[in-house]
Amino acid sequence: MTAFFSIRPNPLGVLVLLVAAGLAACGSFDSASKKAVGVVSPYSIDIVQGNVVTREQIAALQLGMPRLQVQNILGTSLLVSVFHAQRWDYVFTYKRQGQAPQSRRVTLFFKDDRLDKMEADDLPSEAEFVRGLPSKASTGKSLSLEATPEKLNKYPAPKVAEPVSPTVGLPAPSSYPPLEPAAK
């Protein structure tokens with residue numbers, strides 16, 4: 001006669017064992033993650049929000065200009081308040097990974113729909129702003145944006161089909177079907 005022994009696990013003991021293993025893993029993961037954070041960091045995209053206003057644009061503004069002319073030079077204001085209808089705010093923020101966020105503000109005040117006063121942070125020129133933008137690494141090859149005759153000959157011009165009138169040669173129908181079904 002063969003005896004089979006059956007070992008039944010204690011649910012409470014299994015739970016205690018899993019909690020202890022989890023806590024031990026958390027402690028070792030925490031110290032390893034602190035070491036890895038210095039080496040590997042998540043990628044964050046560049047965030048550009050608002051209206052870019054440059055020194056050249058502010059120099060083009062003149063006190064007494066109508067709102068429409070100001071809007072043609074600077075674009076539509078980012079912030080227009082119902083409570084401050086005579087004030088336009090142009091706000092620009094630029095967040096780039098590894099650099100401090102940049103923020104600039106230009107506030108324009110109007111009186112009788114004419115530019116009355118301007119307040120602005122220190123603004124960059126257009127050239128300074130463009131130099132501050134990230135550029136992709138140059139591969140050394142420049143792309144040609146012109147189609148040479150050889151390239152054009154590779155793709156023949158599509159054939160243009162002559163338009164055909166669908167009613168040519170067909171007799172006109174003598175009767176038409178009813179637009180609505182017959183009443184029952």
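Let's see how each residue does on (1) of a type in the set (Phe, Trp, Tyr); (2) assigned to a loop (DSSP other than H, G, I, E, B); (3) in contact with a Cys (Cβ under 6 Å, 6 or more places away or on another chain):
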| site | (1), (2), (3) |
| --- | --- |
| GLN97 | no, yes, no |
| PHE110 | yes, no, no |
| VAL130 | no, no, no |
| GLU150 | no, no, no |
Check: Within region 130-140, can one find any residue that is at pLDDT 75 or above, closer than 30 Å to GLN99 by Cα and among the charged types (D, E, K, R)?
Finding: yes
Margin query: Given the criteria among the aliphatic types (A, V, I, L, M), assigned to a strand (DSSP E or B) and in contact with a Gly (Cβ under 9 Å, 6 or more places away or on another chain), does VAL91 qualify?
Written below: yes
Checklist line | Residues of region 74-112 that turn out to be within 17 Å of LEU61 (Cβ to Cβ), modelled with pLDDT under 90 and surrounded by fewer than 13 Cβ atoms within 10 Å (Cβ to Cβ), as a count | finding: 1
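The values are calculated or read from the model by the stated rules, or taken from the named source; none is laboratory data. Just so it is clear, the structure is predicted and the values come from calculations on it, not from any experiment. Ideal geometry is used to build each Cβ from the backbone, glycine not excepted, and the neighbour counts take in all protein chains shown.
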